[in-house]
Amino acid sequence: MPRGPALIRVLAADRHPLFREGLVRAIRQRARLQLVDEVADGRAALDRIVRHEPDVAIVDLDLRDLDGTQVLNAVVREELPTRVLLMSAAVDPDEVYGAIEAGAAGVLSKHTGARELCGAVERAAGGDVALCPEAQTGLAVAIRRRALHSTPILGEREQQVLLLVAEGKSAAEIGRALHLSTGTVKTCL
């Protein structure tokens, strides 16, 4: 008997109970997503990521103890398999740039709807970068600002890939547009 797609295991970390409840409700309404835990602070988020190894962790940038960026940095440093989606009430271009540069699976605004949130979780679990429209714009602004004020630290191909990421393209779409394999695109990220 053929099996359906595997469940995507998700951790929700947000310091605001009401918002966290909304995340949990959205995750539980999507048949393909499975909530493994919910937490209110950064240390607990990192502990549960290590313990449960969820596919995706939705982490608020404004957590106590360890903020979302510190959680992301620890996950990347320890080479944990969890993809981290950062959420913020106010999407700042430099934070978006820094998050993507640090290895975030995406950045979402807290104004993102449940359907978009769950779609972003699924894309992140599949290896793509998920950016809400505000984060796409912020990333493009940060890239342009950096290009004007410094020498390029990225090669031409990496810049092309990053600009397409900023436009919300998936790794597969970028590969087709630039005639690269999806693996090569992911290496550029």
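Tabulated results
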quantity	calculated
Exclusive hit being farther than 11 Å from Gly103 by Cα and at pLDDT 95 or above, set Leu80, Leu72	Leu80
Residue check, Val50 farther than 19 Å from Ala120 by Cβ and either aliphatic (A, V, I, L, M) or surrounded by fewer than 16 Cβ atoms within 10 Å (Cβ to Cβ) (or both)	yes
Residue among Arg9, Arg28, Arg32 that alone is closer than 22 Å to Ala74 by Cα and open to solvent by 40 Å² or more (accessible area, probe 1.4 Å)	Arg9
Verdict on Val161 being more than 11 Å from the chain's Cα centre (by Cα) and either of a type in the set (Asp, Glu) or in a helix (DSSP H, G or I) (or both)	yes
Selection status of Ala105, touching a residue at least 24 places away in the same chain (Cβ under 8 Å), crowded, with 23+ Cβ neighbours inside 10 Å and under 17 Å from Arg123 (Cα atoms)	yes
Verdict on Ala6 being out of contact with any strand residue (DSSP E or B) (no Cβ under 9 Å at 6 or more places or on another chain) and more than 22 Å from His111 (Cβ to Cβ)	yes
Which listed residue is among the charged types (D, E, K, R) and under 25 Å from Val96 (Cβ atoms), from Arg9, Arg64	Arg64
Those residues of the range 162-184 which are hydrophobic (A, V, I, L, M, F, W, C), closer than 14 Å to Leu131 by Cβ and either open to solvent by less than 40 Å² (accessible area, probe 1.4 Å) or in contact (Cβ under 8 Å) with a residue 40 or more places away in the chain (or both), in sequence order	Leu162, Leu164, Val165, Ala166, Ala171, Ile174
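The values are calculated or read from the model by the stated rules, or taken from the named source; none is laboratory data. Nothing here was measured: the structure is a model prediction, and the numbers come from that model. No Cβ is skipped: glycine too gets one built from the backbone with ideal geometry, and neighbour counts run over all protein chains shown. Surface accessibility is based on the protein's heavy atoms, side chains included, excluding ligands, DNA and RNA. Shrake-Rupley method; radii C 1.70, N 1.55, O 1.52, S 1.80 Å.
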